[in-house]
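S.K.: First the structure, which I've put down as structure tokens, then a few questions once you've had a look.
The values are calculated or read from the model by the stated rules, or taken from the named source; none is laboratory data. Note that the coordinates shown come from a computational prediction; the quantities given were computed from them, not determined experimentally. All Cβ positions, glycine included, derive from the backbone under ideal geometry; neighbour counts span all protein chains shown.
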Amino acid sequence: MIKDRCKGCGFCVWICPKHVLSFSDKLNVRGVFSAMVKDDTACVGCGLCELICPDFAIFLERRRKV
Amino acid sequence: MAEVSLSHPLDGYLRKGILPHIWCAGCGYGVILNCFIRALRELEFNLNNLVVVSGIGCIGRISGYINADGFHTTHGRALAFATGVKLARPHLKVVVISGDGDLFAIGGNHFIHAARRNIDVTVICANNFVYGMTGGQLGPTTPLSAYTPTTPYGSVEHPFNLVYLAAGSGAVYVARWTIIHVRELITSLKKALQRKGLSFIEVISPCPTLFGRYNRLGSAVDILDWLKASSVTRYHSNPAEAEITLGGKIIVGEFVDTEKVTYSELLEEMTKKIQQRLEKEGRLTLASL
Amino acid sequence: MRRDVLSGTYFVQGNIACAEGAIAAGCRFFAGYPITPATEISEHMAVRLPEVGGVFIQMEDEIASLAAVLGASYSGVKAMTATSGPGFSLMMENLGLAVMTETPCVLVNVMRGGPSTGQPTKTGQQDVMQAKWGSHGDYELVVLAPAYVQEMFDLTVEAFNLSEEYRIPVIILADEIVAHIREKLIIPEPNTIKKIERKKPTIPPGEYLPFKPDENLVPPMACFGEGYRIYATGLTHDERGMPDMTAEAHQCLVRRLCDKIRNNANKIVKTQEVMTDDAEIAIVAYGTPARSAISAAKKARKEGIKAGIQRLITIWPFPERAISKLAEKVEAIIVPEMNYGQLVREIERAAKTTPVIHLPKLGEELHRPSEILEAIRRILRG
């Protein structure tokens, strides 16, 4: 999450099939409640949030599982 | 655990300092930008060979956001300008990204002629159903009976069926998607960018701030629900049957997928012949005119 | 063997001379739309451009024509269009875009009778003010008025050079007569034709600012496909080309766009002085009426009248200083125009207290030398 780029539109929250995302209860620098990761263990890495974000505020990072 | 980052993997495709862009929270135009950039990336496209031409309107700002040669023309004239670019420098990829009003009201004439000539240009129409920048007035794609500031009693105009118009004008590739069809849109964009001739992709991206509000469509996310509920994906269906009405189905998919010799190819062939003849016969003075 | 510049001596009409001038200047893109009395330029370019490896396209209207010209120019190709009054009016919005984006291009307006559809096959000089003020906003450009077929060639070359040097649209304001008469044309050898190319940036893409001017107020121009990732918009913009809605940006930009011409006016303005050294009565004219004026003045001289002509080759920027200087030494200035009063207003302003006699003429005919001579005699009679 690039929190301060988020405009709070909710597209990523809407599209996530695994309900990983929700809205923060803290205002970001834009004065909106930005999206945030609620439960990243549910993330399957589909990448839809990254594709639908209009503001380049969220992207997936692949982590090596040790 | 999600970390807070300061940069995004696609930032290189954007000019420095353009974020936040001017589009409203809930506007789908950022999605179009996102998908377009991804299509370029997946094609490993050399951005030095790209020229983005945009018209006037909210979507018009996109040429200033993409990190490639860009030009923001007068209202409606993007395709005419793009024709000049393509013919002057045929090796460059010219993409016109503009809105429904810019491309099909004031720019309607230029669109049909560019399509007729099969100018090698990719045209992306960001259709938000209104003239957003000026306050949400009626546009050539505003659905019948919709409310806008210039149709305060509901529109009595039939809108264009853009995919039908594009197909009828001679476009070689015609597709329509909405902003929720992100994967399909990227695929179509890649196809269109690689297709010679005039390709046309309509992207339905209803304006939540104006069109949505005036027609009580709810929040931006409610509009996504509406798109999901109304969209029907059909490949190679008849574009004549793809009209959009409030309350009806929105048919998305690919409508036309053909190839046809382009204006540039014909022009090049003709020019070569002339030059060969000139080498042989030679025009020495104006007198032989 | 292919010859791009058809050096030689010919007997052709002005429109052909204009087209050949463009090609000699390096024009390799033409987008136009048929309109009397300029169509011959399009038709000749359609024949010649493929021969010289250029591109001709007939667009769907004049608006598209100028838009395509701007696109080609921004891609690095010298480009031109040609039209008459009704098409000129259609081109006004994109003319403003050319000014704002500092796009070099040449626009030929072969004037005919107006307003509106008017008299398509008859001459006129009714677009003179429009050539300067036709588009909205404050701006400056250069407008040249050929009076001879040879000038249709020479001034078109000059127009391209000015457009490249100052990054402006330059207008050739011809009239139907000079466009259609046939006269001797000498096309010189290509190596004797002066050609100016737009200044290119000397710094790498990362440091280049597309609208940062040099000392002469003109920014070097990177074009599409050169790796500079340029951006141009018709919106008021900063040096990066990005839209800027502040008052400072607007002041800075609008002033510079005007000043780059205003400050160089004395280099740009050209007039032809004929017998003005000792003149007591002067005729200030432009375009084909100037030829009648020259004939009238020569006849007047034979009658012992000290008449002279100042022929304006550049109409805009307006040759203010030349006319003021002339006005100081003559008793009266006669202005023959094929309109109902356009440039005469500027001439009156520059002439200050010197009386200006206006000779408007509407309709298909040029002023006859006898009409101008009679005007000269009338002044002397008091």
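S.K.: Restricting attention to region C:92-120, report how many residues are away from chain B (no Cβ under 11 Å) and within 16 Å of the chain's Cα centre (by Cα). Let's see the steps before the verdict.
M.R.: Step one: of region C:92-120, the residues away from chain B (no Cβ under 11 Å) are C:99, C:102, C:104, C:106-120.
In the following step, the residues that additionally are within 16 Å of the chain's Cα centre (by Cα) were identified as C:99, C:104, C:106-112.
Here the count works out to 9.
S.K.: If I go through region A:32-57 residue by residue, how many of them are without any contact (Cβ under 8 Å) to a residue 40 or more places away in the chain and in contact with a Gly (Cβ under 9 Å, 6 or more places away or on another chain)?
M.R.: At the first step, the residues of region A:32-57 found to be without any contact (Cβ under 8 Å) to a residue 40 or more places away in the chain are A:32-51.
Within this subset, residues satisfying the condition of being in contact with a Gly (Cβ under 9 Å, 6 or more places away or on another chain) are A:32-35.
Result for region A:32-57: 4.
S.K.: Can you tell me which residue within region B:12-35, out of those that are surrounded by 15 or more Cβ atoms within 10 Å (Cβ to Cβ) and assigned to a helix (DSSP H, G or I), is nearest to the other protein chains (Cβ to nearest Cβ)?
M.R.: Applying the filter and picking the extreme gives B:30.
S.K.: Inspect all residues belonging to region B:244-258 and state whether any of them is within 12 Å of chain C (Cβ to nearest Cβ), surrounded by 15 or more Cβ atoms within 10 Å (Cβ to Cβ) and modelled with pLDDT of 95 or more. Please lay out each step first, then the result.
M.R.: Residues of region B:244-258 that are within 12 Å of chain C (Cβ to nearest Cβ), as a first pass: none.
No, because not a single residue in region B:244-258 is within 12 Å of chain C (Cβ to nearest Cβ), surrounded by 15 or more Cβ atoms within 10 Å (Cβ to Cβ) and modelled with pLDDT of 95 or more.
S.K.: Please state which of the following conditions residue B:61 fails to meet, knowing it meets all the rest: (1) closer than 14 Å to residue B:33 by Cβ; (2) more than 7 Å from every other protein chain (Cβ to nearest Cβ); (3) in a strand (DSSP E or B).
M.R.: (3) is the only condition that residue B:61 fails.
S.K.: Scan region B:43-52 and tell me whether some residue there is more than 25 Å from residue B:81 (Cβ to Cβ) and of a type outside the set (Gly, Ala, Ser). So that I can check it myself, show each step before the final result.
M.R.: We begin by selecting, within region B:43-52, every residue more than 25 Å from residue B:81 (Cβ to Cβ); these are B:44.
Then drop every residue that is not of a type outside the set (Gly, Ala, Ser), which leaves B:44.
There is at least one residue in region B:43-52 that is more than 25 Å from residue B:81 (Cβ to Cβ) and of a type outside the set (Gly, Ala, Ser).
S.K.: Within region B:70-82, does at least one residue satisfy the condition of being surrounded by fewer than 24 Cβ atoms within 10 Å (Cβ to Cβ), within 27 Å of residue B:245 (Cα to Cα), over 13 Å from the mean Cα position of the chain (by Cα) and in contact (Cβ under 8 Å) with a residue 12 or more places away in the chain?
M.R.: Among the residues of region B:70-82, at least one is surrounded by fewer than 24 Cβ atoms within 10 Å (Cβ to Cβ), within 27 Å of residue B:245 (Cα to Cα), over 13 Å from the mean Cα position of the chain (by Cα) and in contact (Cβ under 8 Å) with a residue 12 or more places away in the chain, which makes the answer yes.
S.K.: Quick check, is residue B:45 part of a helix (DSSP H, G or I) and among the aromatic types (Phe, Trp, Tyr)?
M.R.: Working: part of a helix (DSSP H, G or I): no; among the aromatic types (Phe, Trp, Tyr): yes.
Criteria not met by residue B:45.
S.K.: Got at least one residue in region C:225-234 being polar (S, T, N, Q), surrounded by 18 or more Cβ atoms within 10 Å (Cβ to Cβ), in contact with a Phe, Trp or Tyr (Cβ under 9 Å, 6 or more places away or on another chain) and part of a strand (DSSP E or B)? Walk me through it before giving the result.
M.R.: We begin by selecting, within region C:225-234, every residue polar (S, T, N, Q); these are C:233.
Filter again for surrounded by 18 or more Cβ atoms within 10 Å (Cβ to Cβ), leaving C:233.
From what is left, the residues that are in contact with a Phe, Trp or Tyr (Cβ under 9 Å, 6 or more places away or on another chain) are C:233.
Narrowing the set further to residues that are part of a strand (DSSP E or B) leaves C:233.
Yes, that holds for at least one residue.
S.K.: Also: Look at residue C:253 and say whether it is more than 14 Å from every other protein chain (Cβ to nearest Cβ), within 30 Å of residue B:94 (Cβ to Cβ) and more than 22 Å from the chain's Cα centre (by Cα). Walk me through how you get there before you give the answer.
M.R.: Numbers: more than 14 Å from every other protein chain (Cβ to nearest Cβ): yes; within 30 Å of residue B:94 (Cβ to Cβ): yes; more than 22 Å from the chain's Cα centre (by Cα): yes.
Spelling it out, residue C:253 is indeed more than 14 Å from every other protein chain (Cβ to nearest Cβ), within 30 Å of residue B:94 (Cβ to Cβ) and more than 22 Å from the chain's Cα centre (by Cα).
S.K.: Can you name every residue in region C:292-331 that is crowded, with 20+ Cβ neighbours inside 10 Å, in contact with a Ser or Thr (Cβ under 8 Å, 6 or more places away or on another chain) and more than 29 Å from residue C:157 (Cα to Cα)? Steps first, answer last, please.
M.R.: Step one: filter region C:292-331 for residues crowded, with 20+ Cβ neighbours inside 10 Å, giving C:292-294, C:296-297, C:300, C:307-316, C:319, C:322-323, C:326-327, C:330.
Restricting the remaining residues to those that are in contact with a Ser or Thr (Cβ under 8 Å, 6 or more places away or on another chain) gives C:296, C:308-314, C:319, C:322, C:326-327, C:330.
Result: C:296, C:327, C:330.
S.K.: Among the residues of region C:164-177, are any within 14 Å of chain B (Cβ to nearest Cβ), within 30 Å of residue C:292 (Cα to Cα) and β-branched (Val, Ile, Thr)?
M.R.: Within region C:164-177 (the criterion being within 14 Å of chain B (Cβ to nearest Cβ), within 30 Å of residue C:292 (Cα to Cα) and β-branched (Val, Ile, Thr)), the answer is no, since none of the residues qualifies.
S.K.: Also, quick follow-up: Do any residues in region A:6-23 that are without any contact (Cβ under 8 Å) to a residue 60 or more places away in the chain and closer than 11 Å to residue B:221 by Cβ have Cβ atoms under 8 Å from those of residues that are among the hydroxyl-bearing types (Ser, Thr, Tyr) and part of a loop (DSSP other than H, G, I, E, B), where the two are at least six apart or on different chains, and which pairs are they?
M.R.: Within 8 Å, the pairs are A:10/B:219.
S.K.: Go through region C:342-370 and give me each residue that's surrounded by 14 or more Cβ atoms within 10 Å (Cβ to Cβ) and among the small types (Gly, Ala, Ser).
M.R.: Result: C:350, C:351.
S.K.: Kindly provide the set of residues from region C:33-51 that are in contact (Cβ under 8 Å) with a residue 40 or more places away in the chain, in contact with a Ser or Thr (Cβ under 8 Å, 6 or more places away or on another chain) and within 12 Å of another protein chain (Cβ to nearest Cβ), ordered by number.
M.R.: Quick first cut of region C:33-51, residues in contact (Cβ under 8 Å) with a residue 40 or more places away in the chain only: C:33, C:35-38, C:40-42, C:51.
Next, only the ones that are in contact with a Ser or Thr (Cβ under 8 Å, 6 or more places away or on another chain) stay: C:33, C:35-38.
Residue satisfying the conditions is C:33 alone.
S.K.: Which ones in region B:36-55 are within 7 Å of another protein chain (Cβ to nearest Cβ) and either buried (at least 23 other Cβ atoms within 10 Å of the Cβ) or touching a strand residue (DSSP E or B) at 6+ places or on another chain (Cβ under 7 Å) (or both)?
M.R.: Scanning region B:36-55 gives B:49, B:51.
S.K.: I've got another one for you. Restricting to region C:65-75, what's the tally of residues that are more than 7 Å from every other protein chain (Cβ to nearest Cβ) and either under 17 Å from residue C:227 (Cα atoms) or in contact (Cβ under 8 Å) with a residue 40 or more places away in the chain (or both)? I'd like the intermediate steps shown before the answer.
M.R.: Taking region C:65-75 and keeping what is more than 7 Å from every other protein chain (Cβ to nearest Cβ), we get C:65-66, C:73.
From what's left, either under 17 Å from residue C:227 (Cα atoms) or in contact (Cβ under 8 Å) with a residue 40 or more places away in the chain (or both): C:66, C:73.
Looking only at that region, the number is 2.
S.K.: When you scan region C:52-64, how many residues do you find that are more than 7 Å from chain B (Cβ to nearest Cβ), crowded, with 24+ Cβ neighbours inside 10 Å and either free of Cβ contacts under 8 Å to residues at least 24 places away in the same chain or over 20 Å from residue C:109 (Cβ atoms) (or both)?
M.R.: Within region C:52-64, residues that are more than 7 Å from chain B (Cβ to nearest Cβ), crowded, with 24+ Cβ neighbours inside 10 Å and either free of Cβ contacts under 8 Å to residues at least 24 places away in the same chain or over 20 Å from residue C:109 (Cβ atoms) (or both) number 1.
S.K.: From the residues in region B:161-211 that are among the hydroxyl-bearing types (Ser, Thr, Tyr) and farther than 18 Å from residue B:251 by Cβ, which one is nearest to the chain's Cα centre (by Cα)?
M.R.: Residues of region B:161-211 among the hydroxyl-bearing types (Ser, Thr, Tyr): B:164, B:169, B:173, B:178, B:187-188, B:199, B:205, B:209.
Narrowing the set further to residues that are farther than 18 Å from residue B:251 by Cβ leaves B:169, B:199, B:209.
On the way: B:169: 15, B:199: 9, B:209: 21 Å.
Looking at the filtered set, the residue picked out is B:199.
S.K.: Follow-up question, since we're still on this one. Grab the helices (runs of 4 or more DSSP H) fully contained in region B:139-241, keeping just those with 3 or more residues being more than 14 Å from chain A (Cβ to nearest Cβ).
M.R.: Those helices (runs of 4 or more DSSP H) span B:162-169, B:182-194.
S.K.: Next question, about the same structure. Just need a number here: residues in region A:24-49 that are farther than 18 Å from residue B:220 by Cβ and out of contact with any strand residue (DSSP E or B) (no Cβ under 8 Å at 6 or more places or on another chain).
M.R.: 9
S.K.: Considering only residues that are in a loop (DSSP other than H, G, I, E, B) and surrounded by 13 or more Cβ atoms within 10 Å (Cβ to Cβ), which ones fall in region C:182-199? If you could, list the steps in order and put the result at the bottom.
M.R.: Of region C:182-199, the ones in a loop (DSSP other than H, G, I, E, B) are C:188-189, C:193-199.
Correct list: C:188, C:193, C:195, C:196, C:197, C:198, C:199.
S.K.: Separate question: Name the one entry in A:16, A:12, A:6, A:43 that is within 10 Å of chain B (Cβ to nearest Cβ) and under 10 Å from the mean Cα position of the chain (by Cα). Spell out how you get there, then give the answer.
M.R.: Details: A:16 fails: within 10 Å of chain B (Cβ to nearest Cβ); A:12 fails: within 10 Å of chain B (Cβ to nearest Cβ); A:43 fails: under 10 Å from the mean Cα position of the chain (by Cα).
Just a single option satisfies the conditions, and that option is A:6.
S.K.: Here's a follow-up. Looking at residue B:120 and the list (1) more than 7 Å from chain C (Cβ to nearest Cβ); (2) part of a helix (DSSP H, G or I); (3) touching a Ser or Thr at 6+ places or on another chain (Cβ under 7 Å), which single condition is not satisfied?
M.R.: Tallying (1) more than 7 Å from chain C (Cβ to nearest Cβ); (2) part of a helix (DSSP H, G or I); (3) touching a Ser or Thr at 6+ places or on another chain (Cβ under 7 Å), residue B:120 fails exactly one: (2).
S.K.: In region B:19-43, which residues are closer than 17 Å to residue B:99 by Cα and in contact with a Lys or Arg (Cβ under 7 Å, 6 or more places away or on another chain)?
M.R.: B:21, B:22
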